[in-house]
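Report on the following structure.
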Ligand SMILES: Cc1ncc(COP(=O)(O)O)c(C=O)c1O
């Protein structure tokens, strides 16, 4: 705790009219706070003169308390450096509290969300999926823009706002989306959100009721499963084939209210939705009176052909909510994403956004608008596209050199990860666990399935991983594949020796 907070807390706790003298109260409070760990060992206390002034007491009142606590061993002075809580107390604070099992008492939605997601883990290094190369972000230029806008921010930009995001950012974005993604929109249709995930959550709340059917791509993005579960929707897996989400293969006849899709680069398989499939999906949504949620999370990183236009631009009857994010092209901690909503929904979205989440960070949005308008954004995207293309090649080569025959790699025309399909029999979960002990992330493809996985594999993120780490990660994977192959062989041989009717576990 900082000295200023300690003064504030003491001032709030002293009782002026108590029979207990002020110096005694100070001693008691400090003793208690040190004992219960609120004041950790080595915390610097306010200087006696300053504390006396802020408590409006005589300096001797403070000095008496400090001296007594020194005599008792709670405080110590360091020559010329002030009065500290004795280092002894550090130990006590660092002792972990016994794990408490709280009765959960969650709602059905909360329980389903927690059971399916568990605790999130921080991601970095080989092969963390979805993480961009943050080290090569133009931090200097971005910092200059940020500090200029923070310094110059007019009071209105720091107040409560409900515009749906800074108008200047919505304008440059509308232009960018029209040119690069053929999204048809006016700046008014754009709503700046706290990342794509929040946009997804807001859309779900506004357009679906608990119990409604929502189609999710199978395999698909776990963040969507979370948003839909959190809203109490019934999730139906919609199979993905070589042309993308296949509406005709959904066997459940109940019409969906929401259809979530990643047509420009299916997550995680990497499939690009064909034109005929896009038309079929739009028609299906029209018949079912469903909303399509188009998540265009990483379309900037295409390495071969130009991307197909966004579904949103092909939907004449405005059944598409388009979601984008700056997490992949800037950095995830920025937490800026956006929604493009049909005209008829603008007011409802803006109002709910302001009521449920509040808006803010307009100076940061102003810096981002300038970053885009001045061409820094396009330059950074170009550089990263080149870098990620190279890294994908390095990963392909490293796997080809060490483990090629076991893995079927996804096409990788775009994006920041590859899926490495595994032959039947190899256990993705145990590969993943063994790799984690060596500091390598191998995300099992099974995590992306709602139902029983149709394919086994690993999701290998490469965008934020340097070449050295990619090669090292590939070697670890190859070694583990080899070991697992050997174990399986041994298990098969010993199985063959066992009399029928016994199991193969030893
Ligand atoms: C498919 C997909 N959509 C959306 C997001 C979320 O983006 P944001 O960081 O803006 O919430 C991610 C993040 O990994 C993603 O993979």
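What to note about this one:
- Residue that is nearest to residue 349 (Cα to Cα) [pool: residues in segment 294-329 that are assigned to a strand (DSSP E or B) and modelled with pLDDT of 95 or more]: 321
- Taken as a whole, the structure leaves residue 236 outside the set of residues that are touching a helix residue (DSSP H, G or I) at 6+ places or on another chain (Cβ under 8 Å), modelled with pLDDT of 95 or more and away from the ligand (no atom under 12 Å from the Cβ).
- For segment 140-150, the condition of being at pLDDT 90 or above, part of a loop (DSSP other than H, G, I, E, B) and not assigned by TED's automatic domain parsing to the domain that holds residue 386 holds for none of the residues.
- Flag for residue 166 being within 30 Å of residue 248 (Cα to Cα) and more than 16 Å from the ligand (Cβ to nearest atom): no
- Among residues of segment 199-232, those that are within 25 Å of residue 351 (Cα to Cα), buried (at least 23 other Cβ atoms within 10 Å of the Cβ) and out of contact with any helix residue (DSSP H, G or I) (no Cβ under 7 Å at 6 or more places or on another chain), counted: 2
- Selected residue (only one of 411, 424, 332 is within 16 Å of the ligand (Cβ to nearest atom) and surrounded by fewer than 17 Cβ atoms within 10 Å (Cβ to Cβ)): 332
- Just one of the listed residues (90, 170) is modelled with pLDDT of 85 or more and outside any loop (DSSP other than H, G, I, E, B), namely 170.
- Complete set of residues in segment 111-151 that are out of contact with any helix residue (DSSP H, G or I) (no Cβ under 8 Å at 6 or more places or on another chain) and closer than 24 Å to residue 358 by Cα: 147, 151
- Where residue 260 falls short, out of the listed (1) part of a loop (DSSP other than H, G, I, E, B); (2) crowded, with 22+ Cβ neighbours inside 10 Å; (3) within 10 Å of the ligand (Cβ to nearest atom): (1)
- Looking only at residues of segment 281-295 that are crowded, with 17+ Cβ neighbours inside 10 Å and away from the ligand (no atom under 16 Å from the Cβ), we find that the one that is farthest from residue 271 (Cα to Cα) is 288.
- Test result for residue 115, without any contact (Cβ under 8 Å) to a residue 12 or more places away in the chain, under 19 Å from residue 448 (Cα atoms) and under 22 Å from the mean Cα position of the chain (by Cα): yes
- Residue in segment 340-355 that is buried (at least 21 other Cβ atoms within 10 Å of the Cβ), within 16 Å of the ligand (Cβ to nearest atom) and assigned by TED's automatic domain parsing to the domain that holds residue 205 present: yes
- Residue among 317, 298, 252 that alone is touching a residue at least 12 places away in the same chain (Cβ under 8 Å), under 28 Å from residue 449 (Cβ atoms) and surrounded by fewer than 18 Cβ atoms within 10 Å (Cβ to Cβ): 252
The values are calculated or read from the model by the stated rules, or taken from the named source; none is laboratory data. Being a predicted model, the structure only gives us computed values, none of them experimental. FYI the Cβ positions are ideal-geometry reconstructions off the backbone, even for glycines, and counts take in every protein chain you see.
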